[in-house]
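The values are calculated or read from the model by the stated rules, or taken from the named source; none is laboratory data. It should be emphasised that the depicted structure is a prediction, and the values quoted were computed from it without experimental measurement. No Cβ is skipped: glycine too gets one built from the backbone with ideal geometry, and neighbour counts run over all protein chains shown.
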Amino acid sequence: MGYIKSAALEETGYVVLDRYDKEIDPKEWLDLDYVDWKSSGETRFAPITSAKGEIEVNGFWNHQPPRTDKDGIWIDSQMAIAPTLTARAKEPGANVGRCRVIELMPNDYADCLYNLHQDDNNRLNPDGTGWIVRGFFNLTNDETSYFVLRDNRTDPSVEYRIALPAGAQLIVDTQRLWHATTLNSENPRYCLITSWESGPELDAYIAKYNGKSRVPNVEVPQEVLDAGQAEQTRRLAARAAFYAAKGQAEKTAMSEA
Ligand SMILES: [Fe+2]
């Protein structure tokens, strides 16, 4: 049968939507309740939905009974603090699974390459239903930051680098693309991440905001790219050796961010 997927994401695995052009009070993300949760970098998360409506951010498949990343339970206290963010997550009308604000501490391009991971959004997702993809709505104006997306974790030949100014909106098939963020800053980055179910509602949302499956890459000096790649190779080899010494398979997929 297969999953229902968005044609708009077929070519590259992502679309960039029109930039959101309204101001949002930073209290909507700064005043939320955060949970320490390390994921691809130094991070904390503030859930607006969760598996059972509590302030925690574990994957829905790690709860009892385990379930896929759909039908998140909205958290009243967080929605009250972040009404605009809540509205942004609900706007497509697609099923919402996990919805949370990520706080990411600064990290450079080499860190980002090391942090590249695929998400696990579709674990337990029934065949024949909508594939879960994730919306990224950048909140802080991170002019020095960019998303890095790759088809293959260690192959720089396909690498999309997407700028993350305030209001940047992307939808990414994060189970398909390896992804992480470069943040050359002194300040943390905040971004709303929402798991949406693919289907006609999400397709209409992508069309409404002129989703583009290719945008110009953020330009990075070749020597930075080369040094980052070399550092990724070095760190991944060190990590593989660490796990080999413990007799364990290396963990390659993370569920967050
Ligand atoms: Fe992720």
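Selection over the range 117-152 of residues that are within 16 Å of the ligand (Cβ to nearest atom) and in contact with a helix residue (DSSP H, G or I) (Cβ under 8 Å, 6 or more places away or on another chain) gives a count of 6. Scanning the range 15-38 for any residue that is surrounded by fewer than 16 Cβ atoms within 10 Å (Cβ to Cβ), within 16 Å of the ligand (Cβ to nearest atom) and either within 15 Å of the chain's Cα centre (by Cα) or touching a residue at least 24 places away in the same chain (Cβ under 8 Å) (or both) turns up at least one such residue. Taken over the range 4-36, the residue count meeting the criterion of being under 23 Å from Ile81 (Cα atoms) and not basic (Lys, Arg) is 15.
Within the range 152-164, residues that are within 20 Å of Pro221 (Cβ to Cβ) sit with their Cβ atoms under 6 Å from residues that are small (Gly, Ala, Ser) and modelled with pLDDT under 95, at 6+ positions apart or across chains, in these pairs: Leu164/Ser145. With respect to (1) within 16 Å of the ligand (Cβ to nearest atom); (2) under 23 Å from Glu201 (Cβ atoms), the lone exception for Lys70 is condition (1). Criterion first (farther than 18 Å from Ser195 by Cα, of a type in the set (Asp, Glu) and in contact with a Phe, Trp or Tyr (Cβ under 7 Å, 6 or more places away or on another chain)) does Asp18 satisfy it? Answer is yes for this residue.
Within the range 1-57, which residues are of a type in the set (Lys, Arg) and under 30 Å from Val218 (Cβ atoms)? Even if it seems obvious, please write down each step before you answer.
Residues of the range 1-57 that are of a type in the set (Lys, Arg), as a first pass: 5, 19, 22, 27, 38, 44, 52.
Once the filter is applied, which keeps residues that are of a type in the set (Lys, Arg) and under 30 Å from Val218 (Cβ atoms), the range 1-57 yields Lys5, Arg19, Lys22, Lys27, Lys38, Arg44.
Among the residues of the range 119-169, those that are closer than 16 Å to Leu17 by Cα and not aliphatic (A, V, I, L, M) comprise Arg134, Gly135, Phe136, Phe137, Asn138, Tyr146, Phe147, Tyr160, Arg161, Pro165, Gly167, Gln169. All of (1) among the small types (Gly, Ala, Ser); (2) in contact with a Ser or Thr (Cβ under 6 Å, 6 or more places away or on another chain); (3) within 14 Å of the ligand (Cβ to nearest atom) hold for Ser195 with one exception: (2).
Across the range 230-255, what is the number of residues that are in contact with a strand residue (DSSP E or B) (Cβ under 7 Å, 6 or more places away or on another chain) and either modelled with pLDDT of 90 or more or closer than 20 Å to Asp108 by Cα (or both)?
Filtering the range 230-255 for residues in contact with a strand residue (DSSP E or B) (Cβ under 7 Å, 6 or more places away or on another chain) gives 253-254.
Applying the additional criterion that residues be either modelled with pLDDT of 90 or more or closer than 20 Å to Asp108 by Cα (or both) yields 254.
Summing the residues that are in contact with a strand residue (DSSP E or B) (Cβ under 7 Å, 6 or more places away or on another chain) and either modelled with pLDDT of 90 or more or closer than 20 Å to Asp108 by Cα (or both) in the range 230-255 gives 1.
Residues in the range 61-89 that are surrounded by 18 or more Cβ atoms within 10 Å (Cβ to Cβ) and either of a type in the set (Lys, Arg) or free of Cβ contacts under 8 Å to residues at least 24 places away in the same chain (or both): Lys70, Arg88.
For the range 45-60, residues that are surrounded by fewer than 20 Cβ atoms within 10 Å (Cβ to Cβ) and within 16 Å of the ligand (Cβ to nearest atom) total 1.
Here Glu231 qualifies as away from the ligand (no atom under 16 Å from the Cβ), outside any loop (DSSP other than H, G, I, E, B) and surrounded by 14 or more Cβ atoms within 10 Å (Cβ to Cβ).
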